[in-house]
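Undergrad: Dropping a structure here in structure tokens format, bear with me for questions.
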Amino acid sequence: MEEHRTPGAAGPRVAVGVDLVEVARVRSLLEDNPAAETELFTTREIRYCAGKRNRYARLAARFAAKEAALKALGTGLGPRMRWTDVEVVNEPLGRPRLRLHGTAAEAAGAPGSWSAEISLTHTDDYAMAQAILLLPPAADPPATRRTGH
């Protein structure tokens, strides 16, 4: 995760995550273990990708987006968190948007205190996603005391 905040600034934290996935790896996982599809993807994500000629590339891009968002949050797939807590939805004209649910939403902060932008791309072989989150300011870490030792 890359995070940027100007020292002393009270504004939002900018957190960035990126991930690259091999489409063949996602395809193999889903073909070998069909139950994994509903563990990794929401019904809306599955429905969006169904019937598309590049279905596995689209699913791989969504998986990469989940990884990128979790990296930006700084949590990875933490305790009590599910892959479906991070969801990629599409606006009417196709623009992908990020929705957080459950533990992932809790990690981002209070509703309305954060926002996200994602970008997805894929070829026949690879899928990549970048997530940029504007998160509420974090408490500054406690000052460290130097003892001179």
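Undergrad: May I ask you to derive the FRET efficiency for N90 and V16 from their Cβ-Cβ distance with R0 = 22 Å, giving the value to the nearest 0.05?
TA: Working: r = 22 Å, r/R0 = 0.99.
That gives a FRET efficiency of 0.50.
Undergrad: Could you state the angle between the C-alpha long axis of helix 55-73 and the longest principal axis of the C-alpha atoms of the chain, as a value from 0 to 90 degrees rounded to the nearest 10?
TA: 10 degrees
Undergrad: Something else: Ranked from highest to lowest mean number of other Cβ atoms within 10 Å per residue, what is the order of the peptides 46-58, 122-134?
TA: Details: 46-58: 15.0, 122-134: 19.1.
The packing order, highest mean first, is 122-134, 46-58.
Undergrad: For E117, tell me the accessible area in Å² from a 1.4 Å probe, rounded to the nearest 10.
TA: That residue has around 80 Å² of solvent-accessible surface.
Undergrad: Please work out how much accessible surface T43 shows to a 1.4 Å probe, ignoring ligands, DNA and RNA, in Å² rounded to 10.
TA: 100 Å²
Undergrad: Give me P(r) over the chain, computed from all C-alpha to C-alpha distances, binned every 5 Å, as integer percentages.
TA: Spelled out bin by bin, the chain gives 2, 10, 17, 21, 18, 12, 7, 5, 3, 2, 1, 1, 0, 0 percent.
Undergrad: Go through the range 26-36 residue by residue and turn each phi into a ³J(HN,Hα) via Karplus (6.51, -1.76, 1.60, θ = phi - 60°); whole Hz please, and just put x for glycine and proline.
TA: Per-residue couplings from phi come out as 5, 4, 4, 4, 6, 6, 6, 9, x, 5, 5 Hz.
The values are calculated or read from the model by the stated rules, or taken from the named source; none is laboratory data. Values in this document were obtained by computation on a predicted structure and should not be read as measured data. Virtual Cβ from ideal backbone geometry, glycine too; neighbours counted across all protein chains shown. Just so you know, the surface numbers come from the protein's heavy atoms only, side chains and all, with ligands and any DNA or RNA stripped out. Shrake-Rupley method; radii C 1.70, N 1.55, O 1.52, S 1.80 Å.
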